[in-house]
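Participant: Have a look at this one before I ask anything.
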């Protein structure tokens, strides 16, 4: 009888990362951290004698994943002493030509769904039937309703649905209708694809990515652990799930509001004081500047000046305005070349180019003493 | 405009310090650190405050902190000035958070703040706003601050800026070239793709290197992947061989024995099963002929027989009905005929005819009588001939003696008949007529007696009744005949069905007889057994084949797979060795391939970062280019005048001060050049001595201030520190002259200026700090 299981997925092993700050090691380190998270999960399963691990797709990031990485995963699964592993593929690691799953021989305790229609695997020792569907191409506009409707559930078994798709989505990522999924009477609906973990009031849950993969992925990450109790009175299974966090670097976005009276050093201080030294040396930081800056201050080299205070830092000044009242400037200079020049700058089509042209022109005019 | 009084409540080092100023030339003297620069800054602060211009949010300039009093509790002052005959008092609080400016009419004490232009950012009114004097214009024209001694080029720079500000204030021109130069410099720090030293140039170079590295890496790793695939295939093959070898190892004697034992067991089991099957099907050969197709045929025949029987039963029933009906009619006839009193209708009819005859002519009776005799005779003749003919032909199976007798009798009857026919009628005619007439009455009477009637009328009634009954009888006879016809038809039909029924029943029996069964139920049983038989035979054959295989295993030393042990026992050492070598070679190749290149994923990450950086740089360059393009266009459109008038004026002032240099030119890069009288060439200001440079500066500022058409005091802080006595005298002369047109405030350190002015006989007002 199944008493507990791990629901995870979206590891994206072998994923490339894009960081604004120079240096190869950020991507490399992050990939290592993905492996650490994976191994953490395996060790947890072994230590706690978890009988079942569900992988809800996107275990690998792409078909380009190295053979040695696939073998490493197969080996890790093989090291599980009392655990069965059931895998479906997702939009990143689908069974196409050159499928990553073809690059290794999988141990006997691993079952991989191969088709893009719903099938099931029954694990007799656990009295558990897992119904799943894998991706075999990179797009699914429609849910395979026919094969889903044909599924027959045995009441006496613990029934799990395993799918990789988008609840309420309408795009190409396998739209899922939660009500339809729930109507079938599964004891658990284990979903993958959305990187933010979430447990619905019903029986469905997204496991989320085990560790955050970019600045958009905030909040708690880890894998879901579900525990099952049998309600003998009502003859039903009661499942309770919760996130087991995985220690990892997180992504932090900080907004720094700059005022025109602030000097360059004060701005640097503000950024550095956004978190403790330990946190800054641990996590990824994105500094979002807003407000108005003294036009005499240039932030061209601020990334370099902040480098030492952080493990990783990138800055965004796109929402920062120079503290110059262009309208007043125009008003006071409307009849002279300064006015003509500023007016012409306002007519630059591309807004990004316009903003840069304006900032640099103001800088130059300040430099030339025009705005002192 | 003239400043009359300044009061520094708390400003810099000053506490409650009041200075009264006069129109014309004011000489404010004080040693170093006495507060000259502070006082000058106070005047500027009173008019403008210490805020940065054109800001969206109120921003304090650096002077704010510089002149903040030590106590930091109060930071304020007032200034009284006169303009257009009106005395105005400014009261300013500089302190951050409490900063304010109040403007009063000093004569009436009326708050006139609202009359002045308002600045929404600093939230204050601007005393000089209506004159169009901004802080920038003020500082670059009338307010000449102390020159930094250490930086000679600083003065050149300051001249340049003053000149620019003056030109901007006049709305004539702006320093296009200066801005262009700054934008070009900016662009250089961003760099361009072609300039390898710049930030972006380096990035582009790095990107190109990475692109090559990525291509190399991808090629190498693609090859690695292919090799890995081959290695995997080889490893699989090796594993296969190894497992075969492992199997062979297991094929030890013990294993072999065990296998043989198992095989024997299987053989015994199979043989036993086969015997059982054979026993079971021993007498079942016949059943193999039984089949369900025939069964279907038999069932069809049986159905046909049933159908025929049904039809026959129906006809029999119909016939029974008919017999019953006929019987009824017969019975009715009998009862009707009872009315005839035992006579037949023919008798009754004949008697009635006789009765009627008696009534008619007796002639008729005669003819009738002889006619009757003739008939008897003719019948006798025909019968005789017939009898004789039959006997002659011998048609009847009789003795020859009897035949002869009968033949003679026939001939005799014929002869008697012929003779009687010729003689009897002729002899008896007369005698018979009289006899008959006598008997008529007797006859009539006997008829009445016969039918139990007394009179002819009663007889007539009786006859009529009998006639009616006769008619009914005839109808009944017809009905009866009709029923008989129906009966005979049914009979015929029944016979046809009977024949068919008999034929089919016989066929059915024959076919059952072929299978030696008596009924179709028995045939069904046969069919079932036949099927079972077939199944058992298949089983038997399969078992037989298995047995043959097992016999072979046992007898010829083969294993279940089919290959002999000896074939498999040959180790594939050579193949394993070759595979191992090939794998090692490929792995070696892979490690070489991977050593030489960077991991594509890492290269592409670096590329992405770089590309993003380059994109940002390109955007910045685009921004610079766009600004530059617009600048150049604006420059062309505006009239770029080099202000020759101003040049002339400044040149004249410089000539007066130095008695040496006369011509001044400010080039398009805002560089001041002076005409060297020795040779007439232009000399860069930097090439002049520091003192001369100061004089050029003075001339420049003086010229600009003088040219400024607004009446603002001219304020100078130690402008002559590096002047020689002669040039200082000339400069002071000029200032004294200027002070006749506008208020001049001159801050000095020593007593030289006072002495010189006195010696020159100029009017001035001295204030000691």
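Nothing in this text is a laboratory measurement; each read-out follows from the coordinates by a stated rule. Here the structure is a predicted model, which is why all the values come from computation and not from measurement. Backbone-built Cβ (ideal geometry, glycine too); neighbour counts: all protein chains shown.
Participant: Taking the Cα atoms only, what angle lies between the long axis of helix A:67-78 and the longest principal axis of chain A, rounded to 10 degrees?
Facilitator: For A:67-78 against chain A, the angle is about 50 degrees.
Participant: Between residue B:659 and residue B:1, with labels modelled 7 Å along Cα→Cβ, what's the label distance in nm to one decimal, could you check?
Facilitator: Output for this residue pair reads 3.8 nm.
Participant: Label 7 Å along Cα→Cβ of residue B:476; the stretch B:320-335 residues with amide nitrogen under 19 Å?
Facilitator: Residues B:322-335 qualify, since their backbone N sits under 19 Å from the label point.
Participant: Only bridges with both residues in the stretch A:4-245 count here: give the DSSP antiparallel percent, nearest 5. Intermediate results must be reported in sequence, preceding the final value.
Facilitator: Details: 21 of 49 bridges.
Restricted to the stretch A:4-245, the bridges split so that about 45 percent are antiparallel.
Participant: Can you tell me the relative contact order of the stretch A:251-367? Whole percent, Cα pairs under 8 Å, sequence separation 6 or more. Write out the running numbers ahead of the final one.
Facilitator: Numbers: 146 pairs, mean separation 29.1, N = 117.
Value for the stretch A:251-367: 25 percent.
Participant: A further question on this structure: Within the stretch A:166-193, which residues have the backbone N less than 12 Å from the label spot 7 Å out from residue A:200 along Cα→beta-carbon, could you tell me?
Facilitator: Residues passing the 12 Å test: A:166-169, A:176-186, A:188-192.
Participant: Sticking with this structure for a sec: If I take all pairs of Cα atoms in the protein assembly as shown, what percentage of them are more than 46 Å from each other?
Facilitator: Values: 446666 of 650370 pairs.
When all Cα pairs of the protein assembly as shown are counted, 69 percent exceed 46 Å.
Participant: Calculate how steeply helix A:25-47 sits against the longest principal axis of the alpha-carbon atoms of chain A, using the helix alpha-carbon long axis, and give the answer as 0 to 90 degrees to the nearest 10.
Facilitator: Here the helix axis deviates by roughly 30 degrees.
Participant: Order these peptides, A:48-59, A:289-300, B:226-237, by their mean beta-carbon neighbour count within 10 angstrom, highest first. It would help to have the intermediate numbers written out before the result.
Facilitator: Values: A:48-59: 23.4, A:289-300: 18.3, B:226-237: 15.5.
In descending order of packing, they fall as A:48-59, A:289-300, B:226-237.
Participant: Can I ask one more? How much length, in nm to one decimal, is gained on full extension between residue B:118 and residue B:337, taken as 0.36 nm per residue of separation minus their Cα-Cα distance? Kindly include the intermediate steps, with their values, before the conclusion.
Facilitator: Working: separation 219, 0.36 × 219 = 78.84 nm, distance 15.94 nm.
That pair, residue B:118 and residue B:337, stretches by 62.9 nm at full extension.
Participant: Here is a further query. What FRET efficiency, computed as 1/(1 + (r/R0)^6) with R0 = 41 Å and r the Cβ-Cβ distance, is obtained for residue A:327 and residue B:212, rounded to the nearest 0.05?
Facilitator: Numbers: r = 50 Å, r/R0 = 1.22.
In this case the efficiency is close to 0.25.
Participant: Calculate the length of the line joining the C-alpha centroid of the stretch B:698-735 to that of the stretch A:316-361, in whole Å.
Facilitator: Cα centroid to Cα centroid, the span is 37 Å.
Participant: Looking only at other chains, what is the average number of their beta-carbon atoms within 10 angstrom of each beta-carbon in B:626-637? Show your work: numbers first, answer last.
Facilitator: Values: counts 12, 15, 4, 3, 11, 7, 0, 3, 9, 3, 0, 3.
What the average comes to for B:626-637 is 6.
Participant: Working out 0.36 nm times the residue gap between residue B:280 and residue B:263, then minus their Cα-Cα distance, what length gain in nm do you get to one decimal?
Facilitator: Details: separation 17, 0.36 × 17 = 6.12 nm, distance 2.55 nm.
Taking residue B:280 through residue B:263 to full extension adds about 3.6 nm, to one decimal.
Participant: Determine the shielding of peptide B:592-602 by partner chains: average, over its residues, the number of Cβ atoms on other chains within 10 angstrom of each Cβ.
Facilitator: On the way: counts 0, 0, 1, 0, 0, 0, 1, 5, 3, 13, 7.
Average neighbour count from other chains, rounded to a whole number: 3.
Participant: In what sequence, highest mean first, do B:576-583, A:222-229, B:721-728 appear when ranked by Cβ atoms within 10 angstrom?
Facilitator: Details: B:576-583: 14.0, A:222-229: 19.6, B:721-728: 16.2.
Descending packing order for the listed peptides: A:222-229, B:721-728, B:576-583.
Participant: Report the FRET efficiency, 1/(1 + (r/R0)^6), for residue B:457 and residue B:409, where r is their Cβ-Cβ distance and R0 is 41 Å, rounded to 0.05. Walk me through the numbers on the way to the answer.
Facilitator: On the way: r = 52 Å, r/R0 = 1.26.
So the FRET efficiency works out to roughly 0.20.
Participant: Could you tell me how many degrees, from 0 to 90 and to the nearest 10, lie between the Cα long axis of helix A:337-346 and the main elongation axis, the longest principal axis, of the Cα atoms of chain A?
Facilitator: 10 degrees
Participant: Can you pull the mean other chain C-beta count within 10 Å for peptide B:44-55? Don't jump to the answer; show the numbers that get you there.
Facilitator: Numbers: counts 0, 0, 0, 0, 0, 0, 0, 0, 10, 9, 17, 11.
Partner-chain Cβ atoms within 10 Å, mean over residues of B:44-55: 4.
Participant: How far is it, in nm, from the label point at residue A:97 to the one at residue B:575 when both lie 7 Å from their Cα along the line to the Cβ?
Facilitator: Using points 7 Å along Cα→Cβ, the separation is 3.1 nm.
Participant: Can you tell me the FRET efficiency between residue B:514 and residue B:327 if r is taken as the Cβ-Cβ distance and R0 is 35 Å, rounded to the nearest 0.05?
Facilitator: Working: r = 48 Å, r/R0 = 1.38.
For R0 = 35 Å, the calculated efficiency reads 0.15.
Participant: For a protection proxy built on the mean count of beta-carbon atoms within 10 angstrom, sort B:600-608, B:588-596 highest first, please. Before the final figure, lay out each step's value.
Facilitator: Numbers: B:600-608: 21.7, B:588-596: 13.1.
So the order, starting with the most tightly packed, is B:600-608, B:588-596.
Participant: Another question, if that's okay. How would A:218, B:634, B:609 line up from fewest to most surrounding beta-carbon atoms within 10 angstrom? Please list the in-between numbers first.
Facilitator: Numbers: A:218 13, B:634 21, B:609 24.
Result, fewest neighbours first: A:218, B:634, B:609.
Participant: Follow-up. Based only on other Cβ atoms within 10 Å, what is the fewest-to-most ordering of B:650, B:122?
Facilitator: Numbers: B:650 29, B:122 21.
Going from least to most buried by this count: B:122, B:650.
Participant: Taking neighbour Cβ counts within 10 Å as the exposure measure, how do B:91, A:352 sort from fewest upward? Don't jump to the answer; show the numbers that get you there.
Facilitator: Numbers: B:91 18, A:352 14.
The most exposed by this proxy come first: A:352, B:91.
Participant: While we're looking at this one, here's another question. Would you compute, from DSSP H runs of 4+ residues alone, the mean residue ellipticity of chain A at 222 nm, taking -39500 (n - 2.57) per run and dividing by the full residue count, rounded to the nearest 500? Spell out each step's value before the answer.
Facilitator: Details: 10 runs with 98 residues, N = 372.
When only DSSP H runs of four or more count, the value is -7500 deg cm²/dmol.
Participant: Here's another thing I want to ask about it. Let me check against my output: what whole-number percent is the relative contact order of chain A, with C-alpha pairs under 8 Å and at least 6 apart?
Facilitator: On the way: 735 pairs, mean separation 45.4, N = 372.
Across chain A, relative contact order equals 12 percent.
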